[in-house]
Structures are given as structure tokens and as C-alpha cells.
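The values are calculated or read from the model by the stated rules, or taken from the named source; none is laboratory data. Here the structure is a predicted model, which means the values were calculated and not measured. When we count neighbours, we look across all protein chains shown, and the Cβ atoms used for this are built from the backbone with ideal geometry, even at glycine.
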Amino acid sequence: TSPACRETILAIKPYVPGKPIEEVQRELGIKDVIKLASNENPLGPSPDAVRAIQEAAERVYLYPDGNCYYLKNALAEKHGVSPENIIVGNGTDEIIKMLAEAYLNPGDEIVVADPTFSEYEFAALVMAGRAVKVPCRSFRHDLKAMAAAITSRTRLVFICNPNNPTGTIVGQMMLDNFLKEIPPSVLVVLDEAYADYVTAEHYPDSLAYVRYGRPNVIVLRTFSKIYGLAGLRVGYGVAVPEIIKNLNRVREPFNVNLVAQAAAFAALKDEAHYRKSREINIEGKQYLYEQFAAMGLTYVPTETNFIFVDVGQDSRGVFQELLKRGVIVRTGDIFGYDTYLRVTIGTPRQNERFIKALREVL
Ligand code: PMP
């Protein structure tokens, strides 16, 4: 690492994740705590995945398959691509980091929306790169401005689709037009962590770009959201083999653990759990929309399992008051929206409890 890199790293502000349930129980002495802060699946994992985890437990004295053979083949079949098109990571987070490692030299740039998922900038900073942040328009990616922000130093463009924390999407036509403007030397990363929750028909079939061999697109997906396996850390990327080869150069040999591979494989096959998770999210979304409207609160219509809602006052105070009532959410200040909360859509009981607490606080 050059001195310049160490300087950049010292300037990085550590990421503060959503508070774990146990921490709130310990600190506030509350037993019954619900977490609606990290966009996890409120139904938990598929029972099939739990069984696979139990069976895999007996094999943990062995190293995992560094090539994720079975999981990659199952994913390839699901997406109509070949296993050579896939890289599996210790969460999508790890793949974002690998992208920065494989593609950035010190001083290189990435283009991201603002607000968006913070890991992109973090990964760039670790490589002494720089994030060029392009403000959203009406909470949506401003693709024209993002294309215009590309310079000779740009290596990666991150499109978070749907976007965290706004829940908005970039549609098929917009994305098609955007990609036409992007030079082949720039890799476009389509982070689709929340794709499984989307209901809008104009959501892009981005895997088709890979199927048609587009050389500068990678699609990221995760098992942390609808598949309910956030604690096991499994995410994957789909791209042409050349990109996958580049990422494999920087990948740790055993980056995805044995239990995680078995669980993800089983989760992928449990379509009933997937459907149920989607349905409960759609119902919860409608309930929260109605409640917010009844309370006179504005929110950004979402294509995800969370909602960005304006509580009309500094949301840090609201966050603390909700915490005292055993409800963990996220504040919008880290994204530059001081009066917003980002709340994960929970089970009907969790949503009711959140609304009851919110009514008490506001
Ligand atoms: N991308 C986005 C947009 C996310 O919101 C998250 C989770 N917070 C991730 C990636 C990371 O997911 P994973 O658990 O697979 O690392």
C-alpha cells in the first residue's frame, strides 16, 4: 500500500450497521425487540435451508468447495446462463470489494448515485479510489447526469436497482439507453439485491445483457434479503467469463463457507417460501402506505422490502423514541435526509407494532 492509500484509509468513517436486537435488549433492558433496520426477511429462512444447515454442520471440519460447484450450477440453471458466468461471494458486499480490487488503481473513479448504498464508496476508498456522487432526482437515479459524470478515470458505475435507501427503480428503457452511452472501458455494476421484491413491469431483465454477452455489465444478487440468509453471507455476480475471471484473481480461495453454500442451494429450491415472502411484503407495503397516509406522512413508493418515509422532524429523535419502545429502524441522516426513516416491511404484527410506536412518538 502506498502512503497515499493509507491516508485514504485513515479518512474512512467506519460503517455503522443497524443495531443488533441483542444490543438493544442489553442496553435498554427491553425483552421484546423487533428489528426493522436491515431489510432482512421477517419470515426467516426457508425450513429447507435450516435442514440443509443442520446436515452441513457435520461436515464443517472440511474446507468448503472453493468453486461453489453445486450452487453455481443451480444459479446458472435458474438464470439461463453458464456456471462460467457466475462468481459467488461472502455476501454481495465481498463482490463489491472484489470489483474495486480488480478494477481500480489509486486515483481512479467510480460513479454512484446520491443517496445510495454506502459500500460502493467504501470499496473505492479502500483502493484509494474516489466516488463521484451524482444527486438523485425525485429520489431516482439521474442516469443522464451519471453518464455525463464519466471521465477518463472512471472504471466502475454502480446502479443500485432498486435503490437503497429510496426503493426506486431504473426501468428497462432508461437502462438500455444509458448503457448505449457508456464506453466499453467502463464496467456497469447493476446491484439487484432487492430484485425479488419488484412488482413494476418495466423493471429490466438485466440478466439478458449477460446472456447476450455484453462485455461491460455485471449483475449482483444476494441470499440476504428474500432468501432470509443474511447471517450466512452469500451473494453472487453474473457477467461474461472475462469479468468473472478478473474477479477470481482477487478472490480468497474459500470465500463462501460450507454451511452457507448448502443453505443457499436449498433456499433456491424452496419456491413456496419465496412466494410467501414476496406476498407478505406486498401486503405489508399496502398496510404501511395506508397508515402513513392516515398519519399525513409522505413516503417514497417502494419496489423493495423497505420504505423511505418522511417523519417531518429530525428522525434521530424519533429513532431513539422508537428504540425505547423496542423497535429498531434506520435514520435517513447517513444518507443526507435528516427527516427520513428507512423502515423494513415486517410481518403484519411487526408492522402494527411499529405503527403503534410511531403514532405514540409523533
Ligand atoms: N446491495 C444493497 C443495495 C444492499 O442494500 C445490501 C444489503 N444491505 C447489499 C448489497 C449487501 O448484501 P449482502 O448481504 O449480500 O452483502
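Here are a few things to note about the model shown:
- Segment 176-202 residues that are at negative phi and of a type in the set (Ser, Thr, Tyr), paired with ones that are within 16 Å of the ligand (Cβ to nearest atom) and assigned to a helix (DSSP H, G or I) (beta carbon under 9 Å, 6 or more apart): Tyr197/Ser277; Tyr197/Asn281
- Where Ala267 falls short, out of the listed (1) outside any helix (DSSP H, G or I); (2) touching a His at 6+ places or on another chain (Cβ under 9 Å): (1)
- Answer from Asn246, Asn164, Asn216 - the residue that is closer than 19 Å to Ile96 by Cα, modelled with pLDDT of 95 or more and within 15 Å of the ligand (Cβ to nearest atom): Asn164
- Among (1) outside any helix (DSSP H, G or I); (2) of a type in the set (A, V, I, L, M, F, W, C); (3) over 16 Å from Asn163 (Cα atoms) - the single one Leu247 does not satisfy: (1)
- Reported count of residues in segment 222-231, each being within 9 Å of the ligand (Cβ to nearest atom) and either in contact with a Phe, Trp or Tyr (Cβ under 7 Å, 6 or more places away or on another chain) or under 21 Å from Val81 (Cα atoms) (or both), is 4.
- Scanning segment 307-324 for residues that are part of a helix (DSSP H, G or I) and either surrounded by fewer than 13 Cβ atoms within 10 Å (Cβ to Cβ) or not aliphatic (A, V, I, L, M) (or both) returns Ser315, Arg316, Gly317, Phe319, Gln320, Glu321, Lys324.
- Only one of the listed residues (Glu109, Glu119, Glu94) is more than 11 Å from the ligand (Cβ to nearest atom) and modelled with pLDDT of 95 or more. That residue is Glu109.
- Those residues of segment 67-91 which are of a type in the set (A, V, I, L, M), touching a residue at least 40 places away in the same chain (Cβ under 8 Å) and away from the ligand (no atom under 16 Å from the Cβ), in sequence order: Ala74, Val81
- Scanning segment 335-354 turns up no residue that is small (Gly, Ala, Ser), assigned to a helix (DSSP H, G or I), under 22 Å from Ala195 (Cβ atoms) and touching a residue at least 24 places away in the same chain (Cβ under 8 Å).
- Meets criteria (surrounded by 14 or more Cβ atoms within 10 Å (Cβ to Cβ) and at pLDDT 95 or above) for Ile87: yes
- Selection from segment 324-362 of residues that are among the basic types (Lys, Arg) and either over 17 Å from Pro17 (Cα atoms) or touching a Phe, Trp or Tyr at 6+ places or on another chain (Cβ under 7 Å) (or both): Lys324, Arg325, Arg342, Arg349, Arg353, Lys356, Arg359
- Matching residues, segment 220-243, being among the polar types (S, T, N, Q) and either in a loop (DSSP other than H, G, I, E, B) or at pLDDT below 95 (or both): Ser224
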